[in-house]
Amino acid sequence: MPPARAIIFDFDGVLADTEPLHSETFRRVLAEEGIHLTDREHTERFIGINDRAGFEKAFAEAGRELLPDALEGLLARKSAYYSARVAEVPLFPGVLELVQELSSSCLLAIASGGREVEIDAVLARHRIGPRFQAIVSADRVARSKPAPDVFLEAVARLRACVPGAAPELVPAACVAVEDSATGIEAALAAGLRCVAVAHSFPAERLRRAHRVVERIGLLTADALLGEGAR
């Protein structure tokens with residue numbers, strides 16, 4: 001098989017170290033509604049699903065009704081808290097170098113359960129947004145991970161932005177980089193190969209991926225592109 005044609009990254013917990021701020025702001029909004037989670041509970045039960053699904057899950061577990069208008073208010077409040085502190089969000093060590101190296105060899109995309117405005121803010125701060133030909137957020141698909149929608153949409157957008165790529169740019173020609181079991185399941189369901197980074201969970205929790213590394217700084221462009229040929 002030829003090398004991978006595209007690398008599709010998850011965002012939170014893979015490219016950007018956003019999970020601490022996501023946890024804090026998500027739990028802050030829930031606490032204002034009388035639902036209290038510890039940071040560990042958030043990590044164990046909510047990483048890998050988007051905010052919309054997360055709030056629905058938290059209210060359901062608390063035996064509370066959550067009407068659509070109220071949900072939109074929770075999402076807006078959490079996003080405002082997060083956006084006010086977006087300047088604090090770092091990229092993981094090695095991300096800038098890896099993205100720069102890959103962008104000269106293949107197509108790049110982001111397929112995330114995060115909200116588009118939050119992703120764009122971090123990318124703009126670190127000036128790497130133009131390196132990605134497609135960015136697909138939870139706002140753009142009907143179902144969140146572990147459903148494959150976000151990865152399938154990312155592949156479709158990459159195909160649309162490169163004339164003549166349709167016959168070759170299929171999911172099997174793409175490699176996903178993920179950090180959670182739900183993300184891995186989404187990538188596999190979409191037909192992509194998957195490399196996992198153990199930023200958010202221990203490696204043994206990620207063994208469904210084709211390959212697991214401790215941190216993204218250990219990945220090279222050659223290794224990721226070659227993953228598609230296995």
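Observations
- Output for the range 123-146, where each listed residue is in a loop (DSSP other than H, G, I, E, B) and farther than 23 Å from E88 by Cβ: Q133, V141, A142, R143, S144, K145, P146
- Number of the exception - T25 against (1) at pLDDT 95 or above; (2) in contact with a strand residue (DSSP E or B) (Cβ under 9 Å, 6 or more places away or on another chain); (3) among the polar types (S, T, N, Q): (2)
- Checking I119 against (1) in contact (Cβ under 8 Å) with a residue 60 or more places away in the chain; (2) more than 15 Å from I7 (Cα to Cα); (3) in contact with a helix residue (DSSP H, G or I) (Cβ under 7 Å, 6 or more places away or on another chain), the condition it does not meet: (3)
- Residue ID - surrounded by the fewest Cβ atoms within 10 Å (Cβ to Cβ), chosen from residues in the range 198-221 that are without any contact (Cβ under 8 Å) to a residue 40 or more places away in the chain and in a helix (DSSP H, G or I): E204
- Positions within the range 176-197 being closer than 16 Å to L152 by Cβ and part of a strand (DSSP E or B), in sequence order: A176, E178, R193, C194
- Test: A138 is more than 26 Å from S104 (Cβ to Cβ) and surrounded by 19 or more Cβ atoms within 10 Å (Cβ to Cβ): yes
- Filtered residues of the range 102-122 (kept if in a helix (DSSP H, G or I), over 12 Å from the mean Cα position of the chain (by Cα) and not charged (D, E, K, R)): L102, S103, V117, A121, V122
- Scanning the range 147-175 for residues that are part of a loop (DSSP other than H, G, I, E, B) and touching a residue at least 60 places away in the same chain (Cβ under 8 Å) returns A165, E168, L169.
- Matching residues, the range 92-101, being part of a helix (DSSP H, G or I) and over 14 Å from D222 (Cα atoms): V95, L96
- Only one of S104, S83 that is at pLDDT below 95 and under 27 Å from G226 (Cβ atoms): S104
- So P130, is it under 26 Å from F55 (Cβ atoms) and either in contact with a strand residue (DSSP E or B) (Cβ under 9 Å, 6 or more places away or on another chain) or outside the structural domain of T25 (by TED's automatic domain parsing) (or both): no
The values are calculated or read from the model by the stated rules, or taken from the named source; none is laboratory data. If you're wondering where the values come from, they're calculated on a predicted model, not measured in any experiment. Glycine also receives a Cβ, built like all others from the backbone with ideal geometry; neighbour counts cover every protein chain displayed.
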